[in-house]
Amino acid sequence: MAASGQKVDLAPGLYFVATPIGAARDITLRALDILTSADVLAAEDTRTLRHLMEIHGVPLGDRSLLSYHDHNGDRARPKLMAALAQGKSVAYASEAGTPLVADPGFQLGRAAISAGHLVTTAPGPSAAIAALTVAGLPSDRFLFAGFAPSAGGARRQWLADLAAVPATLVLYESPARLRALLTDLGEIFGADRRAAVCRELTKRFEEVVRGTLQDVAAAFAERPVKGEIVVVIDRAAPRSASADDAEAMLKEALECQSIRDAAASVAEALGLPKRQVYQMALKLSAG
Ligand code: SAM
């Protein structure tokens with residue numbers, strides 16, 4: 001049985017509605033309820049939202065469906081703000097995924113917050129989170145960086161600024177620029193850094209290529225690159241502690257600790273073998 005929305009009482013306010021990034025049935029039941037019940041609908045692409053509503057049997061009825069995107073925001077925002085000021089519920093969906101995530105919605109949300117309206121969301125799919133979920137890279141801390149600049153020099157500088165960020169990086173990229181991005185990544189981050197190219201997630205030709213930056217660049221070198229793509233890159237390996245680091249820390253620790261305690265705390269802090277640090281501490285305190 002096809003899921004369809006239920007008519008619910010919505011408080012006046014702005015509802016950011018996440019929509020599928022591929023599989024139409026990834027819409028949430030609550031998103032369908034909101035699309036069924038909002039007084040006013042707005043979308044980055046009205047045809048896409050209309051189509052999604054048709055798939056799920058959500059009637060538009062005599063409600064307005066307004067277009068709101070990057071190029072008409074200044075003209076369209078006052079209309080949506082006026083609806084909010086009249087106490088209406090306004091649902092906004094971007095073309096796919098979560099609004100505001102490399103998609104319009106920020107200025108609208110900010111204006112609604114400034115005017116004191118309720119701003120809430122029906123959360124759901126986002127390609128960034130879907131890619132992080134399947135990449136096989138640490139997910140405890142990540143940075144979503146969006147699209148890299150398309151011009152070569154600006155892109156390389158942008159990547160250089162990200163190279164040492166201690167978090168897994170999530171980038172969006174177009175198929176036409178994937179190879180150039182992977183080449184720059186290999187040069188700037190090092191060919192051994194682990195990465196995953198996540199393509200067409202939740203769609204028929206979903207594919208995840210995992211490996212070092214060198215491996216994934218090789219995988220896409222000889223074939224046409226198509227579809228929608230997220231690139232996920234591991235953080236830089238922590239710098240391994242040198243003998244100089246250990247010596248400097250030991251000197252400080254020995255000022256207030258016994259040889260044994262100083263060696264134990266420095267070995268633990270730097271992840272070095274206790275025996276090795278203890279020998280170093282003995283030498284330092286003897287000399
Ligand atoms: N707001 C959306 C979200 O929450 O994911 C992202 C919109 S952004 C304009 C579109 C980009 O998202 C695409 O160029 C691609 O990098 C990524 N993307 C969207 N759908 C995808 C999918 N099914 N598989 C892989 N990447 C996808």
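Report yes if R177 is in a loop (DSSP other than H, G, I, E, B), without any contact (Cβ under 8 Å) to a residue 60 or more places away in the chain and within 15 Å of the ligand (Cβ to nearest atom), otherwise no.
Working: in a loop (DSSP other than H, G, I, E, B): no; without any contact (Cβ under 8 Å) to a residue 60 or more places away in the chain: yes; within 15 Å of the ligand (Cβ to nearest atom): yes.
For R177, the condition - in a loop (DSSP other than H, G, I, E, B), without any contact (Cβ under 8 Å) to a residue 60 or more places away in the chain and within 15 Å of the ligand (Cβ to nearest atom) - is not met.
Residue-level check: of (1) within 16 Å of the chain's Cα centre (by Cα); (2) buried (at least 19 other Cβ atoms within 10 Å of the Cβ); (3) away from the ligand (no atom under 13 Å from the Cβ); (4) not aromatic (F, W, Y), V165 misses just (2). With a requirement of 3 or more residues that are in contact (Cβ under 8 Å) with a residue 12 or more places away in the chain, under 21 Å from L201 (Cα atoms) and not small (G, A, S), the helices (runs of 4 or more DSSP H) lying completely within the stretch 21-97 that satisfy it span 46-55.
What residue, of G153, G109, is outside any loop (DSSP other than H, G, I, E, B), more than 10 Å from the ligand (Cβ to nearest atom) and surrounded by fewer than 13 Cβ atoms within 10 Å (Cβ to Cβ)?
Numbers: G109 fails: surrounded by fewer than 13 Cβ atoms within 10 Å (Cβ to Cβ).
It is G153.
With a requirement of 3 or more residues that are in the same structural domain as G153 (by TED's automatic domain parsing) and either surrounded by fewer than 18 Cβ atoms within 10 Å (Cβ to Cβ) or away from the ligand (no atom under 16 Å from the Cβ) (or both), the strands (runs of 3 or more DSSP E) lying completely within the stretch 188-242 that satisfy it span 207-212.
Only one of L143, L100, L137, L132 is assigned to a strand (DSSP E or B) and either under 22 Å from V8 (Cβ atoms) or at pLDDT 95 or above (or both); which?
Values: L100 fails: assigned to a strand (DSSP E or B); L137 fails: assigned to a strand (DSSP E or B); L132 fails: assigned to a strand (DSSP E or B).
After ruling out the rest, the residue left standing is L143.
The values are calculated or read from the model by the stated rules, or taken from the named source; none is laboratory data. Because the structure is predicted, anything quoted here is derived from the model rather than measured. Don't worry about glycine lacking a Cβ; one is built from the backbone with ideal geometry, like all the others, and counts go over all protein chains shown.
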